[in-house]
């Protein structure tokens, strides 16, 4: 049963469960990364046999196979994927930003260019965690950013294949090339390249402990998106909320993972009790009841506060990945939210809307990192370059100042480089 | 003497020197971080005595001391700092971005908020690497972003103090609080907080191997800017360039650090020879000749290509931190540049301009990371939050689709949370 607390009873840092990192896989991963650097494709085939029990002849999935995957799905499902993709595209297009150019006196021009990353790698987990929505959410922002090539990797099943719905999502989202390889070895292949797999500039997408550790190890050589912790939701609700809806929302978080945290904060002690009972009523009916049960009993919490201002205080302190504001005027509360990944506003906005369909991204900062990190966006797939143009006249006006500054820092060659232009030619 | 090569003779990955990471300080740093977490201020005072040979009573520098530092400088130097700050501010203001709000059918509202980080920590090295320009370059973007508090740490000298020019730069840039502590212990204090030092959301600024390793270790708990490698410049110049200027520019890079890399790419074999000689003429006159000599002899290179298109190819392949385009029409070449931190255009634009005065930031991606990273900017001091508002009518139109998508992913509780709103009330 979900536990009920009063405000202040649970310290902020204990409100959400934190992963205990589990077994240290860093040595095993270091070994895998080194072997892929050394043996390339042969290492990928060896690991597919060892970890995925799959005999992989062709690492690359052909264009024909991608098209066949789309054709193999029910047309209604294809339409659903296409509609979700269209909504995600529409939202992310607003994130596109231009550079700028500033003209100053004496012909000086300063500016900033925004340039897409050249090649991006997308990791897609296999098995039950193979979510077509993740393919859409990770690929579409890169596509909108204008990346030249988007490469996807995903572990093969025992039969050696990737699930058709994943391949179809890749085709619809605009992935350019798909490879049958997963785990730490796939991350290593994306970072260093093999005979078949081209090396990329950034690796995005969720994965298990091996994938996360491999991303950590190749970080610096390539960029990575983030290392995600267990998923979290904070639901803020007033007494007028429908307890059935709140219970359903909390359970949708809880079914993800035993480590997931579903927390309700309300100013109504009455609502707290009814939601508690409602969760017990709904939970046993779920196919993933065992997972939801562990999450709710171990990590689930209902916190009763005097007022909703306190609830927002809690949100700002713990920086939840997902935040629902189930109140009549959610925009008034939103203006007070400083730390949260994605916010769902009003009584008709379950978090599940954001997982697939509304358009905003579902790859979000967890474990309190929304204090300083952002949802995945077009920004993740571009970089900026500054530029500076000075004329001779403009340089002459400031070269004395530059020289003075440089000498203050003990850097005489810097001073001379500025002054050399104004000396006799 | 700087070496001359022809195009293709040096593999791209060998064009710039790479740091060999040096001694592994991770165990020592882990110990320091743990002790600061345990003993707080007392640990900071202990390490000040041990590493800085400084007896530190007051960890915080008072407002009066900051004002006194400004008053102690020559007025001309204060004006110089103020002018540099004004130029940096003017450039970085163009980086400020707004969120967006989109209205859709059925009353749906989607959007993105841009929110400043709450508190930011700025590390400033001591000794000869204490650069007032770094204080300006790191603080001003955070100030423009609207961060509530900017906290600076810097190691005390033996007398227990921080150099007046550094304190003055902090005052001028708008740093809110300054503390006398440096090294890995200062990074730990910023990440975890002590009795005196508040914990921050992000740590920026350069430092030695201990500081870099501490930033690596606290990354995740807080955000960090980047781990900088040795500084680099690629100068692209045609045969009409003035060899004195080019030699001076290359030497201004070389004087930073023995590991710094200064590389010229030109389509003129004649220019290559003259610049080679000119470096030999200018180098011995420099106060930091020993450092410049090591950098030039070990890492310096002149590469002669058939044409400048090849030079831009090299730039895009190695993604230099600094790139000078010393040609008549540098904007034509700029349009082909895909990977570079900061680009200096034309014959009157030495890189030293960018270190202090032009306005663009001097904290730049090194070691090839300009392929996927950007100069420090206002973006580094904000995060984004998404929001989604659905009405009952809007949700009803899509809840069937959401449920279908969720069931496809095996997440029944997600489906039910979307459907619960449309069922009988």
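Taking segment A:282-368 and the strands (runs of 3 or more DSSP E) fully enclosed by it, no element has 2 or more residues that are at positive phi.
Within the span defined as segment A:405-422, every residue fails to be part of a helix (DSSP H, G or I) and in contact (Cβ under 8 Å) with a residue 60 or more places away in the chain. Within segment A:321-337, is even one residue more than 19 Å from residue A:10 (Cβ to Cβ), in contact with a helix residue (DSSP H, G or I) (Cβ under 9 Å, 6 or more places away or on another chain), free of Cβ contacts under 8 Å to residues at least 60 places away in the same chain and in the same structural domain as residue A:269 (by TED's automatic domain parsing)? Looking through segment A:321-337, at least one residue is more than 19 Å from residue A:10 (Cβ to Cβ), in contact with a helix residue (DSSP H, G or I) (Cβ under 9 Å, 6 or more places away or on another chain), free of Cβ contacts under 8 Å to residues at least 60 places away in the same chain and in the same structural domain as residue A:269 (by TED's automatic domain parsing).
When the residues of segment B:395-410 are filtered to those that are within 7 Å of chain A (Cβ to nearest Cβ) and surrounded by fewer than 24 Cβ atoms within 10 Å (Cβ to Cβ), the one that is nearest to residue A:241 (Cα to Cα) is B:395. For segment B:371-393, the candidate set comprises residues that are in a helix (DSSP H, G or I) and within 7 Å of another protein chain (Cβ to nearest Cβ); within that set, the residue that is modelled with the highest pLDDT is B:371. Within segment A:167-190, the set of residues being out of contact with any helix residue (DSSP H, G or I) (no Cβ under 6 Å at 6 or more places or on another chain) and in contact (Cβ under 8 Å) with a residue 40 or more places away in the chain comprises A:177, A:179, A:180, A:182, A:186, A:190.
Is it the case, given these coordinates, that residue B:38 is out of contact with any helix residue (DSSP H, G or I) (no Cβ under 9 Å at 6 or more places or on another chain) and in contact (Cβ under 8 Å) with a residue 40 or more places away in the chain? For residue B:38, the condition - out of contact with any helix residue (DSSP H, G or I) (no Cβ under 9 Å at 6 or more places or on another chain) and in contact (Cβ under 8 Å) with a residue 40 or more places away in the chain - is not met. Scanning segment A:93-125 for residues that are without any contact (Cβ under 8 Å) to a residue 24 or more places away in the chain, in a strand (DSSP E or B) and at the interface with chain B (Cβ under 7 Å from one of its Cβ atoms) returns A:100, A:102. The strands (runs of 3 or more DSSP E) found wholly in segment B:138-254 and carrying at least 1 residues that are within 17 Å of the chain's Cα centre (by Cα) occupy B:149-154, B:202-204, B:232-237.
When residues in segment A:72-83 are screened for being in a helix (DSSP H, G or I), within 12 Å of chain B (Cβ to nearest Cβ) and either in contact with a helix residue (DSSP H, G or I) (Cβ under 7 Å, 6 or more places away or on another chain) or within 24 Å of residue B:387 (Cβ to Cβ) (or both), 6 of them pass.
The one condition from (1) buried (at least 23 other Cβ atoms within 10 Å of the Cβ); (2) out of contact with any helix residue (DSSP H, G or I) (no Cβ under 9 Å at 6 or more places or on another chain) that residue A:141 does not meet is (2). Residues A:169, A:186: which one is under 22 Å from residue B:407 (Cα atoms) and modelled with pLDDT of 95 or more? On inspection, the qualifying residue turns out to be A:169.
Suppose the filter is surrounded by 15 or more Cβ atoms within 10 Å (Cβ to Cβ) and more than 14 Å from every other protein chain (Cβ to nearest Cβ); does residue A:56 pass it? When the stated conditions are applied, residue A:56 passes them. Answer yes or no as to whether residue A:420 is more than 8 Å from chain B (Cβ to nearest Cβ) and touching a helix residue (DSSP H, G or I) at 6+ places or on another chain (Cβ under 8 Å). Spelling it out, it is not the case that residue A:420 is more than 8 Å from chain B (Cβ to nearest Cβ) and touching a helix residue (DSSP H, G or I) at 6+ places or on another chain (Cβ under 8 Å). What number of residues within segment B:59-76 are under 19 Å from residue B:190 (Cα atoms) and surrounded by fewer than 13 Cβ atoms within 10 Å (Cβ to Cβ)? Qualifying residue count, segment B:59-76: 1. With respect to (1) part of a helix (DSSP H, G or I); (2) closer than 26 Å to residue B:56 by Cβ; (3) in contact (Cβ under 8 Å) with a residue 12 or more places away in the chain, the lone exception for residue B:128 is condition (3). Does segment B:147-160 contain any residue that is within 12 Å of chain A (Cβ to nearest Cβ), crowded, with 20+ Cβ neighbours inside 10 Å and within 16 Å of residue B:85 (Cα to Cα)? Scanning segment B:147-160, I find no residue that is within 12 Å of chain A (Cβ to nearest Cβ), crowded, with 20+ Cβ neighbours inside 10 Å and within 16 Å of residue B:85 (Cα to Cα), so the answer is no. Evaluate the following for residue B:355: is it under 15 Å from residue B:233 (Cα atoms) and at the interface with chain A (Cβ under 8 Å from one of its Cβ atoms)? Spelling it out, residue B:355 is indeed under 15 Å from residue B:233 (Cα atoms) and at the interface with chain A (Cβ under 8 Å from one of its Cβ atoms).
Only one entry in A:86, A:90, A:69 is in contact with a helix residue (DSSP H, G or I) (Cβ under 9 Å, 6 or more places away or on another chain) and either more than 24 Å from residue A:183 (Cβ to Cβ) or at pLDDT 95 or above (or both), namely A:69.
In this structure, does residue A:206 turn out to be touching a residue at least 12 places away in the same chain (Cβ under 8 Å), closer than 15 Å to residue A:376 by Cα and either touching a helix residue (DSSP H, G or I) at 6+ places or on another chain (Cβ under 9 Å) or within 12 Å of chain B (Cβ to nearest Cβ) (or both)? When the stated conditions are applied, residue A:206 passes them. Among the residues in segment A:323-330, are any within 7 Å of chain B (Cβ to nearest Cβ) and either farther than 30 Å from residue A:230 by Cβ or within 44 Å of the chain's Cα centre (by Cα) (or both)? So far as segment A:323-330 goes, yes, one or more of its residues are within 7 Å of chain B (Cβ to nearest Cβ) and either farther than 30 Å from residue A:230 by Cβ or within 44 Å of the chain's Cα centre (by Cα) (or both). The single condition among (1) at negative phi; (2) in contact with a helix residue (DSSP H, G or I) (Cβ under 9 Å, 6 or more places away or on another chain) that residue B:60 does not satisfy is (2). Inspection of segment B:269-292 finds no residue satisfying the criterion of being touching a helix residue (DSSP H, G or I) at 6+ places or on another chain (Cβ under 7 Å) and closer than 30 Å to residue A:227 by Cα.
The values are calculated or read from the model by the stated rules, or taken from the named source; none is laboratory data. As the structure is a prediction and not an experimental result, all values here were calculated from the model. Methodologically, a virtual Cβ is constructed for each residue, glycine included, from the backbone with ideal geometry; neighbour enumeration extends over all protein chains shown.
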